[in-house]
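S.K.: Sharing a structure, written as structure tokens. Questions coming.
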Amino acid sequence: MCVPMTGKRLISLLAYVTTAATGASLLTGCGVLPGATGGSREPVTVMTWAPDRTRATNMPGMPAMAQTYARWVNARGGIDGHELRVLTCNEQNSPSGAAACARRAVREKAVAVVGSYSQNGRAFMAPLEAAGIPYIGGYGIAEDEFTSPLSYPVNGGVASLIAGHGMQLAGSCERVSLVRPDTTAGDKLPQLLNSGLRRASHRSAVDIPAQEDAAEYTRQAGRARTRAGDEKGCVTAVLGERTQTFFDSFRRLPEQEGEPGTVRISSVLGSVDQPVIDRTGGPHSPFEGAFVTGWYPEAGDRSWAPMRKVIQEYAFADNRVDPADAGVQTTWIAYTVLKDVVEGLDADTVTAGQISHALDRGERIDTGGLTPGLRWKYEDMLGAPGFTRIVNREVTFQVVRQGRLVAQKPGFVDVGETVLSAR
């Protein structure tokens, strides 16, 4: 039954009643999230994609967070009176899957792709660019996210994490072994890590490529431990979801002569995060004592409180939406950007061109302390080769203590110069 809508309070009330009545059924039907708002303003349709149920890295929490965000914002009357419609898509960790998601976004007239994960930048950016659809707050895994004029990254991507990780390790490790994917993207990681290690006149890391979706890593683990050495040696693995598999192989290595357990392990957010630590034993996890470099404040920081409240009230029983998951966190920040931009437009109809133009115009967006203020004007961009569109050059240094990721060093660390010096 259709009910005439007049006034924001009536819209909000009807939205609340509709949301409460429908409950979990909001998730039904081809990945489209039905809204509960009305009024004269046109709905805003966006897409969030990520791989799910694949052999490599999976990020099901990102589309789930997008759906949760839409339920929350629609229960409050939408974004500036616009119903938020979220389309979701399984990117499948493949170029064909990424391209199919992008073509669907074009076909269904999405005005933005928001808070998504894909390593296949070339496959998805070309269809989006042809249609003029902005890519807001991708996970930061694909190089095209930092070169396309229609991409608006909210973090410094893997480049900032790896460069920052080198800085974090330089003060504690004499020798470092890096285990990374044997892929084109993985080939760039050693020079980024070494740029951070050089900040302390440190020797270069030992580069150990590995298959991204292997079932075990005994050979690579043995080589990494041997090359790191027993005296202040560190082994860092950046293998996405397979990082846990690598460190399981590492833990099973037979003890060598000399003092056992002297090699320290480390990684970056996304390869090791709080959910992984929880799944592998918490305080008894093999990651206890590990160094971890992240983009954002640790999961227990009070700046995440608004996101946690939304998840608690609107995720229902969806255990994919873990507030400590880096993909979930990135999606929350990306939708924060979208909301700010749409509210700033104050228009009855919102188009992809209006959103990208508003972002290019340079309004600074406040994410509540989760990142520095975000702005994508030319003068705000780092301009590093291959990563020209980095505007957030900050990372955080964390460590695993008693099963929890906590700050090793308070606040953010600027890694902009370190990324620029990578070669």
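The values are calculated or read from the model by the stated rules, or taken from the named source; none is laboratory data. Everything numeric here is computed off the predicted structure, so don't read it as measured data. Note that we place each Cβ from the backbone using ideal geometry, even for glycine, and neighbour counts take in every protein chain shown. These accessible areas exclude ligands, DNA and RNA; they are computed on the full protein's heavy atoms, side chains included. Shrake-Rupley method; radii C 1.70, N 1.55, O 1.52, S 1.80 Å.
S.K.: Looking only at the range 410-423, which residues are in contact with a Ser or Thr (Cβ under 8 Å, 6 or more places away or on another chain) and either open to solvent by 50 Å² or more (accessible area, probe 1.4 Å) or part of a loop (DSSP other than H, G, I, E, B) (or both)?
M.R.: G411, F412, V415, S421, A422, R423, listed by residue number.
S.K.: Yes or no: I162 crowded, with 22+ Cβ neighbours inside 10 Å, touching a helix residue (DSSP H, G or I) at 6+ places or on another chain (Cβ under 9 Å) and assigned to a loop (DSSP other than H, G, I, E, B)?
M.R.: no
S.K.: Please specify each residue of the range 322-340 satisfying the condition of being surrounded by 24 or more Cβ atoms within 10 Å (Cβ to Cβ) and assigned to a loop (DSSP other than H, G, I, E, B).
M.R.: D325
S.K.: Take A70 and tell me if it is in contact (Cβ under 8 Å) with a residue 60 or more places away in the chain, in a helix (DSSP H, G or I) and open to solvent by less than 10 Å² (accessible area, probe 1.4 Å). It would help to see each step written out before you state the result.
M.R.: Details: in contact (Cβ under 8 Å) with a residue 60 or more places away in the chain: no; in a helix (DSSP H, G or I): yes; open to solvent by less than 10 Å² (accessible area, probe 1.4 Å): yes.
Taking the combined requirement at face value, the residue does not satisfy it.
S.K.: Starting from residues that are out of contact with any Cys (no Cβ under 7 Å at 6 or more places or on another chain), aromatic (F, W, Y) and not in a loop (DSSP other than H, G, I, E, B), keep the ones in the range 111-146 and report whichever is nearest to E83 (Cα to Cα). Give the derivation first.
M.R.: Keep residues of the range 111-146 that are out of contact with any Cys (no Cβ under 7 Å at 6 or more places or on another chain), which gives 111-123, 125-146.
From the residues that got through so far, the ones that are aromatic (F, W, Y) too are 117, 135, 139, 146.
Retained after the next criterion (residues that are not in a loop (DSSP other than H, G, I, E, B)): 135, 146.
Values: Y135: 20, F146: 30 Å.
Top of the filtered list is Y135.
S.K.: Turning to a different aspect of this structure: Is it true that F316 is surrounded by fewer than 17 Cβ atoms within 10 Å (Cβ to Cβ) and at pLDDT below 95? Lay out the reasoning, then the answer.
M.R.: Details: surrounded by fewer than 17 Cβ atoms within 10 Å (Cβ to Cβ): yes; at pLDDT below 95: yes.
Yes; evaluated as a whole, the condition is true for this residue.
S.K.: Among the residues of the range 197-216, write down those that are assigned to a strand (DSSP E or B) and either in contact with a Leu (Cβ under 9 Å, 6 or more places away or on another chain) or surrounded by 20 or more Cβ atoms within 10 Å (Cβ to Cβ) (or both).
M.R.: Restricting attention to the range 197-216, the residues satisfying the condition of being assigned to a strand (DSSP E or B) are 206-210.
Within the range 197-216, V206, D207, I208, A210 meet the criteria.
S.K.: Does the range 165-196 hold any residues that are open to solvent by 40 Å² or more (accessible area, probe 1.4 Å), without any contact (Cβ under 8 Å) to a residue 24 or more places away in the chain and closer than 24 Å to F250 by Cα, and which are they?
M.R.: First, the residues of the range 165-196 that are open to solvent by 40 Å² or more (accessible area, probe 1.4 Å): 167, 171-172, 174-175, 182-185, 187-188, 191.
Subsequent filtering for residues that are without any contact (Cβ under 8 Å) to a residue 24 or more places away in the chain retains 184, 187.
Of everything in the range 165-196, just one residue is open to solvent by 40 Å² or more (accessible area, probe 1.4 Å), without any contact (Cβ under 8 Å) to a residue 24 or more places away in the chain and closer than 24 Å to F250 by Cα, namely D187.
S.K.: Examine the range 127-137 for a residue that is over 26 Å from H357 (Cα atoms) and hydroxyl-bearing (S, T, Y), and state whether such a residue exists. Write out each step before concluding.
M.R.: Residues of the range 127-137 that are over 26 Å from H357 (Cα atoms), as a first pass: none.
Within the range 127-137 (the criterion being over 26 Å from H357 (Cα atoms) and hydroxyl-bearing (S, T, Y)), the answer is no, since none of the residues qualifies.
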